[in-house]
Amino acid sequence: MEDIITAREITFGYPKENNQIQLVLRGVSLTIQEGEFVAILGHNGSGKSTIAKHMNAILVPNEGTMTVCGIDTKDEEKLYDIRRQVGMVFQNPDNQIVATIVEEDVAFGPENMGVEPSRIRELVDQSLEDVGMSEYKHHAPHQLSGGQKQRVAIAGIIAMRPRCIVLDEPTAMLDPKGRREVMRTIQRLNRENSITIVLITHYMEEAAKAGRVVVMDDGQILYDDTPKHVFSHVRELKEVGLDVPQATELCYELRQAGYDLPEDILTEEECAQALCHLLERGKAV
Amino acid sequence: MLKDITIGQYFPGQSILHEMDPRMKIVLTTVYIIMLFAASNPLGLCVSIPFLVLAYGVSRIPAVMILRSLKPVLPIIIFTSLLNMFFIDGQVLWQLGFLKITLQGLTTAIVMSIRILFLIAGTSLLTYTTSPIALTDGIERLFSPLKRLKLPVHELAMMMTIALRFIPTLVEETDKIMSAQKARGADMESGGLTRRAKALIPILIPLFVSAFRRADELALAMECRCYRGGEGRTRMKQLKIHSRDIFCAIFVGVCFAAVIAINLWAPVVLTMR
Ligand SMILES: Nc1ncnc2c1ncn2[C@@H]1O[C@H](COP(=O)(O)OP(=O)(O)OP(=O)(O)O)[C@@H](O)[C@H]1O
Ligand SMILES: [Mg+2]
């Protein structure tokens with residue numbers, strides 16, 4: 001598999017008033033391969049959005065190199081080659097939708113890229129279908145629910161046929177239903193359209209669905225592993241201000257209380273199964 | 001409560017006027033305005049009557065809408081008519097003290113009023129049958145030759161689109177802020193004008209702050225979607241001139257020719273000064 005995003009020892013800081021800089025990324029190294037589904041976790045201000053903005057050259061590192069699709073992000077000539085391959089979805093769907101009609105908004109990206117009109121039509125129809133919003137294509141954005149708006153925003157990105165989508169807390173402003181809709185869409189894009197997904201989130205249950213979890217703390221990478229491994233560090237995660245999925249937490253507490261439960265439980269089903277198993281064994285003894 | 005505000009005055013429909021190319025509609029509306037002012041005699045103006053009746057009939061816009069669009073200009077019409085009636089010299093028809101009405105004054109007043117009424121009624125039809133977005137699109141494409149003169153046509157059209165897109169969002173936001181301030185005890189309905197104006201400050205400030213934040217995020221999102229101005233940009237929807245557009249153009253052309261013909265050959269009695 002080809003590497004799609006490679007960060008080598010990147011540091012980055014925002015300029016502050018008195019000519020100082022506030023370091024936000026302190027030597028981050030990260031490689032993401034084509035087709036992966038990576039979740040990035042971290043408490044507020046740990047630098048998640050900052051690293052995300054490095055992934056499509058909105059920001060460039062002060063030190064170190066960031067390579068996206070084989071292009072160094074410092075190369076300003078190739079800026080749009082990077083951006084058409086790595087799309088970005090933000091937290092507030094309201095602030096990313098440009099046009100007054102859903103299908104026109106989805107067409108915005110391909111239009112900017114100078115795609116031929118008939119081809120744009122195909123891309124728009126396909127993208128709306130991929131996110132399950134075809135029947136709303138003539139609606140105005142403000143008539144849609146939050147989850148629907150966010151799916152339109154995702155359609156607007158996939159219409160550019162990117163290889164990778166970076167989503168910065170796409171579900172933060174949505175209700176549980178909208179959150180489920182968006183998560184399902186993201187997972188399907190990853191599985192069926194083999195688009196690489198980088199998902200920044202505060203919801204542990206969402207992160208548990210990824211193939212790989214990166215935990216950031218204070219501008220550095222703390223863990224970078226499968227969800228099962230990462231979430232087995234319950235105490236360490238709590239120390240950096242993060243939670244673990246509820247099922248994992250329950251099993252952790254029970255383990256602390258002396259019950260014999262496995263460490264790698266993520267979902268409610270797994271948890272229920274393990275508990276049943278435990279009860280059966282209890283009866284047998 | 002603010003949600004009831006409608007943007008523009010678009011009435012969705014499927015009539016020939018609705019389906020017409022927006023560029024053609026803008027051009028024909030302009031021709032219609034010229035026609036109104038070219039008609040130098042009342043008979044010529046009368047050509048506009050069947051024209052308007054037909055246009056409104058075909059578009060199925062309810063006739064009350066004409067009245068609604070005329071309402072705001074009525075004071076102006078009355079005022080200018082009065083001025084025209086009393087202050088134009090000529091053959092005196094009626095006199096009371098220093099007030100006199102002349103034949104010339106009366107005809108000018110009538111012609112002027114009809115002209116303004118028809119002007120408003122005709123141009124409203126453009127906004128009634130064209131969605132704001134189609135209108136913007138039409139304007140952008142119609143004026144795109146002016147890009148050569150370094151006029152920022154695309155940028156202006158983009159601004160209009162974004163404004164249209166964000167009006168409902170900001171209206172909703174204003175509603176929320178108002179409720180929030182009311183919940184904190186703000187009183188917006190009582191007091192004199194200055195007091196009420198002052199009461200708006202706690203609404204406007206958060207609204208502006210939020211609008212700027214939105215603008216910032218939108219700019220970022222647009223950049224992420226490869227936006228770099230109008231250059232090299234294509235459009236999904238292509239505008240095409242259909243036979244219905246040609247048909248309407250011919251119709252307007254015939255009306256225009258009629259007006260000119262009447263101007264040239266109508267009885268001299270009817271010509272104004
Ligand atoms: N445009 C900016 N200018 C200056 N400082 C900034 C800017 N954006 C972010 N920062 C600072 O950089 C740090 C990291 O911000 P970042 O947005 O990357 O955090 P985050 O992990 O995404 O947090 P959150 O979970 O709140 O989204 C924060 O301390 C923040 O104050
Ligand atoms: Mg963030």
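The values are calculated or read from the model by the stated rules, or taken from the named source; none is laboratory data. Values in this document were obtained by computation on a predicted structure and should not be read as measured data. Cβ sites come from the backbone with ideal geometry, for glycine too, and all protein chains shown count toward neighbours.
Assorted remarks:
- A:Gly45 being small (Gly, Ala, Ser), near ligand 1 (Cβ under 8 Å from one of its atoms) and more than 14 Å from chain B (Cβ to nearest Cβ): yes
- Being at pLDDT 90 or above, buried (at least 22 other Cβ atoms within 10 Å of the Cβ), over 23 Å from A:Ile200 (Cα atoms) and among the charged types (D, E, K, R) is a property that holds for A:Glu104.
- Yes/no for B:Arg233 being without any contact (Cβ under 8 Å) to a residue 40 or more places away in the chain and of a type in the set (Lys, Arg): no
- Flag for B:Thr234 being of a type in the set (Val, Ile, Thr) and under 30 Å from A:Ile58 (Cα atoms): yes
- Members of the stretch A:23-37 found to be more than 15 Å from ligand 2 (Cβ to nearest atom) and more than 25 Å from A:Ala208 (Cβ to Cβ), listed by number: A:Leu23, A:Arg26, A:Gly27
- Members of the stretch A:168-200 that are of a type in the set (Gly, Ala, Ser) and more than 16 Å from ligand 2 (Cβ to nearest atom): A:Gly178, A:Ser194
- Subset of the stretch B:211-248 (residues that are over 25 Å from B:Lys147 (Cα atoms), more than 14 Å from chain A (Cβ to nearest Cβ) and surrounded by fewer than 16 Cβ atoms within 10 Å (Cβ to Cβ)): B:His242, B:Ser243, B:Arg244, B:Ile246, B:Phe247
- Looking only at the stretch A:55-110, and only at residues there that are more than 13 Å from chain B (Cβ to nearest Cβ) and within 16 Å of ligand 1 (Cβ to nearest atom), the one that is farthest from the chain's Cα centre (by Cα): A:Asn62
- Some residue of the stretch B:158-179 being away from every other protein chain (no Cβ under 14 Å), out of contact with any helix residue (DSSP H, G or I) (no Cβ under 9 Å at 6 or more places or on another chain) and either without any contact (Cβ under 8 Å) to a residue 40 or more places away in the chain or outside any loop (DSSP other than H, G, I, E, B) (or both): yes
- Exactly one residue among A:Ile165, A:Ile154 is in contact (Cβ under 8 Å) with a residue 60 or more places away in the chain, assigned to a helix (DSSP H, G or I) and within 14 Å of chain B (Cβ to nearest Cβ), and that residue is A:Ile154.
- Scanning the stretch B:113-133 for residues that are modelled with pLDDT of 85 or more and within 14 Å of chain A (Cβ to nearest Cβ) returns a single hit, B:Thr130.
- For the stretch A:38-56, the tally of residues that are within 11 Å of ligand 2 (Cβ to nearest atom), small (Gly, Ala, Ser) and either at negative phi or in contact with a Pro (Cβ under 8 Å, 6 or more places away or on another chain) (or both) stands at 3.
- Meets criteria (in contact with a strand residue (DSSP E or B) (Cβ under 7 Å, 6 or more places away or on another chain), buried (at least 22 other Cβ atoms within 10 Å of the Cβ) and modelled with pLDDT of 95 or more) for A:Val38: yes
- Residue, farthest from A:Val198 (Cα to Cα), within the stretch A:111-125, restricted to residues that are of a type in the set (Asp, Glu) and facing another protein chain (nearest Cβ under 8 Å): A:Glu116
- For A:Leu59, the criteria (1) away from ligand 2 (no atom under 15 Å from the Cβ); (2) under 20 Å from A:Pro162 (Cα atoms); (3) in a loop (DSSP other than H, G, I, E, B) hold in every case but one, which is (1).
- Extreme residue, farthest from ligand 2 (Cβ to nearest atom), among residues of the stretch A:144-167 that are over 15 Å from the mean Cα position of the chain (by Cα) and among the small types (Gly, Ala, Ser): A:Ala159
- Wholly enclosed helices (runs of 4 or more DSSP H) of the stretch B:1-85 bearing at least 2 residues closer than 20 Å to B:Ala249 by Cα: B:16-19, B:22-38, B:42-46, B:48-59
- Given (1) part of a helix (DSSP H, G or I); (2) surrounded by 19 or more Cβ atoms within 10 Å (Cβ to Cβ), index of the condition A:Asp81 fails: (2)
- Set A:Ile10, A:Ile71: member being farther than 15 Å from B:Glu223 by Cα, away from ligand 2 (no atom under 16 Å from the Cβ) and surrounded by fewer than 19 Cβ atoms within 10 Å (Cβ to Cβ): A:Ile71
- Flag for A:Ala172 being within 14 Å of chain B (Cβ to nearest Cβ) and either under 23 Å from A:Asn56 (Cα atoms) or among the polar types (S, T, N, Q) (or both): yes
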